[in-house]
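To start, the structure under review is shown below, and the notes come after it.
None of the figures in this text is laboratory data; all of them are computed from the coordinates on show. As the structure is a computational prediction, the values presented were derived from the model and not from experiment. Here the Cβ positions follow ideal geometry from the backbone for every residue, glycine too, while neighbour counts run over all protein chains shown.
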Amino acid sequence: MSNDPTQQEHHGYTPETPPAISSLEALAHVVDYSLMSTLNRDPEATSDGNDHAPRQVFSGHYVPVRPTPIENPEYVAHGRALFHELGFDERLAQSDAFVRLFSGDLSVVPETMSRVGWACGYALSIYGTEFDRQCPFQTGNGYGDGRAISMLEVVTRGKRWEMQLKGAGRTPYCRGADGRAVLRSSVREFLAQEHMHALGVPTSRSLSLYVSTTETVDRPWYSEGSQAMNPDILVREPVAISTRVAPSFIRVGQLELFSRRARKQAHPGAKEELEALVLHLIEREYTEDVDRDAGLSEQVIALAHVFRDRLTSLVADWIRVGYCQGNFNSDNCAAGGFTLDYGPFGFCEVFDLHFQPWTGGGRHFCFSNQPAAAERNFRTFCSTLRPLLDDDSDALAQLDAIEGDFAKIMGEKLERMWASKLGLASVNAELFVELQTLMTTTPVDYTLFFRELSAVPDSIEPLKKSFYADLDPSDASNKPSAQNTRATDQRWSEWLAKWRTLVGVEDNTKSETERAQRRDELSKAMKRVNPKYTLREWFLVPAYQQAAAGDYSAIRELQEVMTQPYAEQSKAIEEKYYRLKPSSLFHVGGVSHYSCSS
């Protein structure tokens, strides 16, 4: 596999549309700063964007901020699929001007483009509980984009995209931190966003990743082989800037901040600023779903209805692919209904309903509790809209009904998701409960199990590829006894026989040819929803460790593999990436669990 990403073939690429944007001058023609041109600037902000010290921001939707470029940037990777979607020439990614721009140096842009970016404030609700003392001022007016600075909006190929630098230095919301991101966390987010997109899960996207060859920062992290829950050493790491891309970066927590100000009448224009932000969200994210000619109440109700649909679908997709957000606060919940903020995330390996990769996350943000966490965020979202409906009792009643049905809609989406993973028209409760019990007591690898099941095996032998035979859930140091193994095998065989009957491959009223055809169709359908490859943390660790030493080949290989997660790839790739987690890596800090340090 070539290490030059511009020379690699990529699944889904088509040659019909040649790249149109090959320079910053061409890029300037598609730039449109809708947020800065339609929303309010913080009246206390500087016009030149030299605004990098922590301070309270009392009003306005954004603060102009000039990014702080990283020193001596070097190309690591770019989002090849996203470049194609945007109409960007791939050679741009390694051109000097592009590297400088997307490493934080806005001085290189043509005169028609802004030389300042913007950062936004937001509020924080943790599992539905509002907090306002999470900033140095204990008022909630200092919480927001501490190291994320948006610097462009482009309209290309009929879509608007906002481009945000992560790790671009301090903003007024930095809370005293340095505003930098390290290469380790940047690699994780860069690869995860494009992997999630390839999995078919709505997400922010990865445009580019550059690392400084000279600038470093100290971060707490784990010593080699440490089993400590929290970082036990300081590590000097290279800084990096990644560019993430989305239709907008408006968060539920952002709406929450402006709603709180309106509710408390924090300043004379607070309610108007809330309304302006909500209408801007609709314009950016919901133009196809909300009638912009309707009255404000009608638009708000339509927005709540569609966001509920997107959020429930998103969380069902997370569970389908084994993803755990880890920290699903309101500030990490995109108001557009997609995955945002890849910090404490992880992909479930050993099936565990309580899987939680982040040491600070607790059970309330664990894998199986994500639907409940989403419901809390949706309640927060609905509460943010209420000040706009104060004079419309009918609309408030409609909003209450939409909010009240969240759990019902979420349950229906989950049932459909599980049915699709199992190849069923609808979930059989008895079969499903028995499966969860078996997956917990065996235990099994979540991704490998469902992929092996998607081959519609005749016996449980292929399924055993997903069994962690050396992990007894009651005592990880002891292997299960032979008697227990036989009993477990029997239960699995009985379950598989029931499943095969329910999916119709044991129908004796059909001919052998018809049964074979049914099996083939079933397998193809299941493989479309059950990925073969997942972004396991122990794949990421050596990739970012090698990158810190200047070798980016592992990152680029991972990018190639993980952007084709449903495909049958080469035998060498299968042997390397389609396998169980080594037992030596269980309980290792930075691999099996990690802090949010980045």
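At-a-glance table
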item	result
Lysine pairs with alpha-carbon atoms under 26 Å apart, the range 428-527, spacing 8 or more or separate chains	13
Sequence-separation-based contact order of the range 343-476, relative, with Cα cut under 8 Å and 6+ spacing, percent	22
Options Q483, W495, P457, ranked by Cα towards positive dipole end of the range 428-527, top entry (Cβ charges)	P457
Prolate/oblate/rounded label for the range 5-250 (Cα gyration tensor, a/c 1.5)	oblate
Table column - 3J(HN,Hα) (Hz), the range 92-102, Karplus curve with 6.51, -1.76, 1.60, x for Gly and Pro	4, 4, 10, 6, 4, 5, 5, 4, 5, 4, 8
Proximal aspartates and glutamates to K413, defined as alpha-carbon separation beneath 13 angstrom and excluding residues fewer than eight positions away on the same chain	D309, D317, D405
Residue-wise HN-Hα coupling along the range 486-492, computed from phi with Karplus coefficients 6.51, -1.76, 1.60 (Hz; x: Gly, Pro)	4, 5, 5, 4, 5, 5, 4
Sorted by Cβ neighbour density within 10 Å, fewest at the top, the residues Y173, Y566	Y566, Y173
Within the range 274-292, backbone nitrogen closer than 17 Å to the virtual label 7 Å beyond the Cα of D391 toward Cβ	274-276
Karplus 3J(HN,Hα) series, Hz, for the range 201-206 with 6.51 cos²θ - 1.76 cosθ + 1.60 (x for Gly, Pro)	9, x, 7, 5, 10, 10
Trypsin sites (Lys or Arg not before Pro) restricted to DSSP loop in the range 248-302 with at most 11 other C-beta within 10 Å	K264, R292
Euclidean distance between Cα centres, the range 63-87 to the range 503-540, Å	40
Semi-axis lengths, Å, the range 428-527, gyration tensor of Cα atoms, sqrt of 5 times eigenvalues	28, 13, 12
Computed label-point distance, nm, for sites N50 and A228 using a 7 Å Cα→Cβ extension	4.1
The chain, relative contact order [Cα under 8 Å, separation at least 6], %	14
Per-residue Cβ neighbour rank within 10 angstrom, fewest leading, H354, H195	H354, H195
Theoretical FRET efficiency, 1/(1+(r/R0)^6), r = Cβ-Cβ of S570 and N508, R0 41 Å, to 0.05	0.60
Additional length obtainable on full extension of the chain from D132 to T112, 0.36 nm per residue less Cα span	3.3 nm
Sequence-separation-based contact order of the range 5-250, relative, with Cα cut under 8 Å and 6+ spacing, percent	22
Ellipticity estimate at 222 nm from DSSP helix runs (n ≥ 4, -39,500 (n - 2.57)) divided over the chain, nearest 500	-12000 deg cm²/dmol
The range 246-330: GluC sites (Glu not before Pro) in DSSP coil with no more than 13 other Cβ atoms inside 10 Å	E288
